[in-house]
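*Asks:* Take this structure, written in structure tokens, and hold onto it; I'll ask about it next.
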Amino acid sequence: MRNINALQTEFFSSIEQVNSIEQLEKVRVFYLGKKGVIKDLFAEMKLIQDSERVTYSQQLNAFKQYIESTLQATECALKKKETDRRIKEEWVDLSLPGTTNQRGALHPLTQIERNCLDVLYMLGFKFVDGPEVETPFHNFDALNIPEHHPARDMQDTFWLDNQLLLRSHTSTVQIRVLENEKELPIKIASPGRVYRNEAVDATHLACFHQFEGLWVDEGVKFSHLKGMLEFIIKNIFGNDWDYRFKPKFYPYTEPSIGVDIRSKTKDAKWITVVGAGMVHPNVFKFTGHDPEKISGFAFGLGVSRMVTMAHKVENMKSLYEGDLRVHQNLARKKYI
Ligand code: DAH
């Protein structure tokens with residue numbers, strides 16, 4: 001018969017050396033398994049004298065229970081240790097800001113274009129697009145700009161092969177729409193790129209953006225034009241800007257006007273951002289309409305110029321250069 005106290009000390013020292021669940025399992029099998037120590041000890045029971053058997057079996061049961069509870073406690077301790085280790089090693093600070101992709105932003109020209117479109121949509125205009133490669137008829141003749149007009153000079157217009165040109169203004173879209181639309185009212189808005197063969201400086205570029213509008217119906221008057229331009233300017237530039245109307249000359253409108261705007265800050269200069277007027281009778285005639293029956297107004301917004309003013313960009317060219325530093329700066333500011 002083996003000494004249970006000695007076995008208990010042995011068990012205890014093997015438990016002390018256990019570092020993992022796997023090792024603990026081995027100890028469990030060694031003591032409690034089918035061929036384990038406890039099984040053997042119970043098997044030895046029959047060899048024990050009757051007088052000692054009760055005491056022996058009590059000791060043995062107590063030892064077995066001791067093993068079971070120690071194994072359980074050790075398992076708990078090991079699991080906790082493992083959890084603590086993982087918490088320490090795999091800890092993530094959930095309050096740290098995540099790594100995000102850089103957010104893009106609309107180009108300031110697109111922003112103002114969309115802004116203008118939104119205002120015009122409120123007034124029932126619809127968007128139309130026009131080609132950038134045009135005929136002289138759409139760019140000049142039908143707009144009442146005759147052959148000898150200086151605007152046709154080689155200096156101003158980019159001429160292409162086959163008597164085509166790069167449109168020098170978005171007013172070409174007026175002609176295209178008037179040619180095709182015979183039903184009234186006609187209310188169109190058309191933003192886009194235009195080209196001029198000009199010496200580039202801070203306010204002039206060979207390619208820039210304009211925004212054309214045309215409203216034709218029976219009984220459209222100059223007062224409608226004025227009211228609408230006021231509405232557009234106020235909606236886009238808000239109250240921090242002054243505006244004024246002034247007389248202008250365009251061959252395709254009669255009378256013609258311009259709108260200047262000026263920031264309300266000290267020493268701000270007036271800049272013309274809109275050209276407009278009542279559609280010239282000849283324009284109606286050239287496009288197959290009767291100027292006796294219908295009237296209308298047209299306007300062209302200088303989108304690039306509006307953006308430079310709204311964002312206080314000194315050199316218009318920087319809007320077109322794609323320098324990320326400039327654009328990040330513009331995107332951060334709320335314009336106007
Ligand atoms: N096309 C003119 C320009 O490029 C702007 C303009 C003036 C457009 C009068 C119009 C208009 O529609 O009626 O400067």
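*Asks:* Of His289, Gly213, Val200, which is farthest on the positive side of the dipole of segment 160-289, counting Cα position, with +1 on Lys and Arg Cβ, -1 on Asp and Glu Cβ, and the Cα centre as origin?
*Replies:* Going by the charge dipole, the pick is Val200.
*Asks:* Under a Cβ-only charge scheme (Lys and Arg +1, Asp and Glu -1), can you give me the dipole magnitude of segment 2-89 about the Cα centre, in debye to the nearest 20?
*Replies:* For this selection, approximately 240 debye.
*Asks:* Now for a separate question. First select every other residue whose beta carbon is under 13 angstrom from the beta carbon of Lys46; then total the charges, Lys and Arg +1, Asp and Glu -1.
*Replies:* Surrounding charge for Lys46 is -3.
*Asks:* Which FRET efficiency value, to the nearest 0.05, do you get for Trp270 and Leu96 by plugging their Cβ-Cβ distance into 1/(1 + (r/R0)^6) with R0 = 56 Å? Intermediate values should be presented prior to the final figure.
*Replies:* Details: r = 52 Å, r/R0 = 0.92.
Efficiency, rounded to the nearest 0.05: 0.60.
*Asks:* Which percentage, to the nearest 5, of the DSSP beta bridges contained in segment 79-215 is antiparallel?
*Replies:* On the way: 13 of 15 bridges.
Among the beta bridges of segment 79-215, antiparallel pairing accounts for roughly 85 percent.
*Asks:* Something else about it: Pop a pseudo-label 7 angstrom from the Cα along the beta-carbon direction at both Ser13 and Asp290 and give the gap in nm to one decimal.
*Replies:* Going by the 7 Å Cα→Cβ label model, 12.2 nm.
*Asks:* Okay, next question. For Lys34, list the aspartates and glutamates whose Cα falls under 19 Å from its own Cα; do not include residues on the same chain fewer than 8 positions away.
*Replies:* Answer for Lys34, where 19 Å is the Cα cut-off: Glu22, Glu25, Glu44, Glu68, listed by chain and number.
*Asks:* 222 nm [θ] for the chain, helices only, -39500 (n - 2.57) per DSSP H run of 4+, per residue, to 500?
*Replies:* It comes out at -13000 deg cm²/dmol, rounded to the nearest 500.
*Asks:* Now for a different question. Rounded to the nearest 5, what % of DSSP beta bridges with both residues in the chain are antiparallel?
*Replies:* 95
*Asks:* Given Cβ point charges of +1 (Lys, Arg) and -1 (Asp, Glu) and nothing else, what value in debye, to the nearest 20, does the dipole of the chain about its Cα centre take?
*Replies:* Dipole about the Cα centre, nearest 20: 1120 debye.
*Asks:* Something else now. So, in nm, how far is label Phe30 from label Asn197 when the simple model puts each one 7 Å beyond its Cα toward the Cβ?
*Replies:* Output for this residue pair reads 10.0 nm.
*Asks:* Taking Lys81 as the anchor, which lysines have their alpha carbon closer than 24 Å to its alpha carbon, excluding any fewer than eight residues away along the same chain?
*Replies:* The reachable lysines, counting only those whose Cα sits under 24 Å from Lys81, are Lys26.
*Asks:* Which value, in debye to the nearest 20, describes the size of the charge dipole of segment 81-193 about its Cα centre when Lys and Arg Cβ atoms bear +1, Asp and Glu Cβ atoms bear -1, and nothing else is charged?
*Replies:* Working: 13 positive and 18 negative charges, 99 e Å.
Approximately 480 debye in magnitude.
*Asks:* Quick check on segment 108-330: what does the Kirkwood estimate of hydrodynamic radius come out to from the alpha carbon pairs, in Å?
*Replies:* Kirkwood hydrodynamic radius for segment 108-330: 18.0 Å.
*Asks:* Write down the radius of gyration of segment 17-78 and its Dmax, each obtained from C-alpha positions, in Å.
*Replies:* 13.6, 42
*Asks:* For Arg86 and Leu324 in one chain, what is 0.36 nm times their gap in residues minus the Cα-Cα distance, to one decimal in nm? Mind dumping the intermediate values first?
*Replies:* Details: separation 238, 0.36 × 238 = 85.68 nm, distance 4.37 nm.
Stretched fully, the Arg86-Leu324 segment lengthens by 81.3 nm.
We did not get these values from a lab; they are worked out from the coordinates using the rules stated. It should be emphasised that the depicted structure is a prediction, and the values quoted were computed from it without experimental measurement. Here Cβ is always computed from backbone atoms with ideal geometry, including for glycine, and neighbour counts include all displayed protein chains.
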